[in-house]
Amino acid sequence: MSDHLQDKTIIITGAGGGFGKAIAQRCASRGAHVVGVDIDTDGLTAVVDGIVAAGGSAVAQVADVTDMAQMRSAATLAVEKFGAIDVIVNNAGVMPLAFFADHERAWEKWHKAIDINIKGVVNGISAVYDQMIAQGRRQVVNIASIYGNGGFEGSGVYSATKAAVTMLSDSLRIEAKGKIKVTTVKPTGVAGTNLASWIVNDRAIRGIVGQRAASYREHVVQMLKGELPPELTDADSIRYWLITPEDLADAVVHVIDQPWGISLSDVTVRASGEDYLY
């Protein structure tokens with residue numbers, strides 16, 4: 001274990017729960033100063049208070065990632081409080097799975113997903129860009145998805161937003177070479193977050209499990225009953241079925257915890273025994 005996170009100032013969007021909460025906690029436990037950003041005041045306050053109570057360093061900025069002015073305020077707070085912005089983790093995102101036939105009931109969530117998943121990342125980058133370029137030796141970590149690598153039945157809009165995140169990452173990496181290193185983290189399926197709450201049509205999940213739908217349903221039922229076989233829940237098992245937010249957070253910490261000359265640019269995080277197709 002190295003100490004590349006020690007005293008770094010890390011802005012994390014969506015820090016009030018799910019992935020973001022786990023990322024914030026792990027970064028703080030490694031000595032980083034965390035600036036948590038979320039629209040959920042209560043959730044964010046609980047996360048930041050918990051970090052501070054455990055002896056870590058963290059502040060909260062209630063902000064909507066789709067609002068440029070609010071994201072700039074988060075960046076300003078980071079500099080005022082800790083003197084720099086070393087890393088931003090653009091984590092906030094939603095997953096409105098639906099078929100195009102569902103457009104009448106899906107379009108509002110689709111539009112919000114475009115705002116959060118794409119504009120939110122653009123705003124996050126823009127809010128820190130000048131400061132990072134002036135400072136140099138900085139990093140942007142964007143949470144995309146393996147389902148941004150292609151089009152899937154029931155995942156058209158979501159996949160499009162995550163493909164956009166990858167393109168934003170690649171373009172920034174080229175433009176900011178030598179000043180900012182850029183990492184795209186692409187998880188597959190993750191339980192324990194609020195992503196499922198955005199699904200419009202549960203049947204759309206079949207597009208990302210395909211011919212593995214039967215085993216996926218079986219495993220979901222077992223998970224809900226607390227009856228998953230031990231080999232599916234053991235991270236040391238080749239049949240490990242589903243990564244957790246903590247698994248993903250460990251991967252994010254790993255890509256930050258590197259010497260400045262090493263850039264892990266594209267990282268896919270999956271369980272070796274999962275039912276997801278891609």
| Using a Gaussian network model of the chain with C-alpha springs under 10 Å, which one of 84, 144, 235 is most mobile by mean-square fluctuation? | 235
| Residue order for 231, 175 - accessible surface, 1.4 angstrom probe, largest first | 175, 231
| Within a Gaussian network of the chain (alpha carbon springs, distance under 10 Å), most fluctuating of 201, 123, 91 | 201
| Which of 174, 39, 92 sits farthest toward the positive end of the charge dipole of the chain, with +1 on the Cβ of Lys and Arg and -1 on the Cβ of Asp and Glu? | 174
| request: Enumerate the calculated ³J(HN,Hα) couplings along region 259-273 in order (Karplus 6.51 cos²θ - 1.76 cosθ + 1.60, θ = phi - 60°), each rounded to whole Hz, writing x wherever the residue is Gly or Pro. | output: x, 4, x, 10, 10, 8, 8, 9, 10, 9, 10, 9, 8, 5, x
| request: Could you work out how far helix 245-256 tilts from the main Cα principal axis of the chain, as a 0 to 90 degree angle to the nearest 10? | output: 40
| message | Taking all protein chains in place and a 1.4 Å probe, what share, in percent, of the accessible surface of region 44-83 do carbon and sulfur account for? | response | 49
| Under a 5 Å amide H to amide H cut-off, with H placed in plane at 1.01 Å, what residues pair with residue 33 once short-range neighbours are removed? | 7, 8, 9, 10
| remark: For region 56-172, dividing by residue count, accessible area per residue (probe 1.4 Å) in Å² works out to 40
| request: Report the residue, chosen from 165, 37, 220, that carries the largest GNM mean-square fluctuation when the chain is represented by alpha-carbon nodes joined by springs under 10 Å. | output: 220
| field | Whole-number accessible area per residue in Å² for region 193-278, which is evaluated in the context of all protein chains at 1.4 Å | value | 54
| Carbon/sulfur fraction of accessible area - region 213-278, other protein chains in place, 1.4 Å, % | 54
| query | Any idea what the dipole of the chain comes to, in debye rounded to 20, about its Cα centre with Lys/Arg Cβ at +1 and Asp/Glu Cβ at -1? | reply | 560
| task | Collect residues whose amide H, placed 1.01 Å from N in the peptide plane, falls under 5 Å from the amide H of residue 183; neighbours closer than 5 in sequence don't count. | result | 140, 141, 142
| said: Of 121, 260, 200, which is farthest towards the positive pole of the chain's charge dipole, taken about the Cα centre with +1 and -1 on the beta-carbons of Lys, Arg and Asp, Glu respectively? | reply: 260
| request: Please give the helix 120-135 orientation as an angle from the longest Cα principal axis of the chain, in degrees from 0 to 90, rounded to the nearest 10. | output: 30
| remark: Low-density loop trypsin sites (Lys or Arg not before Pro), region 68-138, at most 13 other Cβ within 10 Å, DSSP non-H/G/I/E/B, are 137
| What distance in nm separates the simple spin-label points at residue 260 and residue 69, each placed 7 Å from Cα in the Cβ direction? | 3.5
| remark: In whole angstrom, the spacing between the Cα centers of region 148-208 and region 70-94 equals 21
| task | Specify the angular offset, from 0 to 90 degrees and rounded to the nearest 10, of the alpha carbon long axis of helix 213-225 from the longest principal axis of the alpha carbons in the chain. | result | 70
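The values are calculated or read from the model by the stated rules, or taken from the named source; none is laboratory data. Worth saying up front: this structure is predicted, and the values here are computed from it rather than measured. A quick note on method: Cβ atoms are made from the backbone with ideal geometry, for glycine too, and the neighbour counts reach across all protein chains shown. What goes into the accessible areas is simple: the full protein's heavy atoms, side chains included, and nothing from ligands, DNA or RNA. Shrake-Rupley method; radii C 1.70, N 1.55, O 1.52, S 1.80 Å.
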